[in-house]
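All remarks here apply to the structure that follows.
Every number in this text was worked out from the coordinates using simple rules, so none of it is lab data. The shown structure was predicted, so the numbers you read here are calculated from the model rather than taken from an experiment. Glycine also receives a Cβ, built like all others from the backbone with ideal geometry; neighbour counts cover every protein chain displayed.
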Amino acid sequence: MTAETAPMEGTPLIKPSTTDHPLYDTICEACRTVHDPEVPVNIFDLGLIYTIEISDEGVVKVLMSLTAPGCPVAGEMPGWIEDAIAPVPGVQSVTVDLVWEPQWGMDMMSDEARLELGFM
């Protein structure tokens, strides 16, 4: 691996969310209303929401993944997230992008999701 292709040391695999924004918790709760139809747990606790960026103007950008690239609802789930977040007071616009790096893994699930699915 050359210096040009090597990842920068200390660069996070997942871009950090805007956790200090006043809308962050409400947007997380909105994400928790969306469920993967194949798994009885919401997509936030499954760890499918990687990043929630919120600008000062209320523009929200979400980076999310799926449990597998061949997920039958891959084309629909970003729209479900947009529909859940858009009505949150203070949100001006929402875009949701699917990303595949890093690959989703069971270690990304919350303790609540692991308990619900019988992994704890």
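Table for the structure above
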item: Vicinal HN-Hα couplings computed from phi for segment 33-43 (Karplus, 6.51 cos²θ - 1.76 cosθ + 1.60; Hz; Gly/Pro x); result: 7, 9, 10, 6, x, 8, 10, x, 9, 5, 5
item: Three-way shape call for the chain based on the alpha-carbon gyration tensor, with the a/c threshold at 1.5; result: oblate
item: Potential extension, Ser55-Val88 segment - 0.36 nm per residue separation minus Cα distance; result: 10.5 nm
item: For segment 19-60 and segment 62-120, distance of Cα centres in Å; result: 8 Å
item: Nonlocal amide H pairs with Gly47, under 5 Å, H built at 1.01 Å; result: Ser110
item: Unit charges on C-beta of K, R, D, E only; dipole of the chain, Debye; result: 100 debye
item: Karplus-derived HN-Hα couplings along segment 102-109 (A = 6.51, B = -1.76, C = 1.60, θ = phi - 60°), whole Hz, x at Gly and Pro; result: x, 5, 5, x, 4, 5, 8, 6
item: Amide H contacts of Ser17 (H built 1.01 Å from N, under 5 Å, at least 5 apart or other chain); result: Ile52
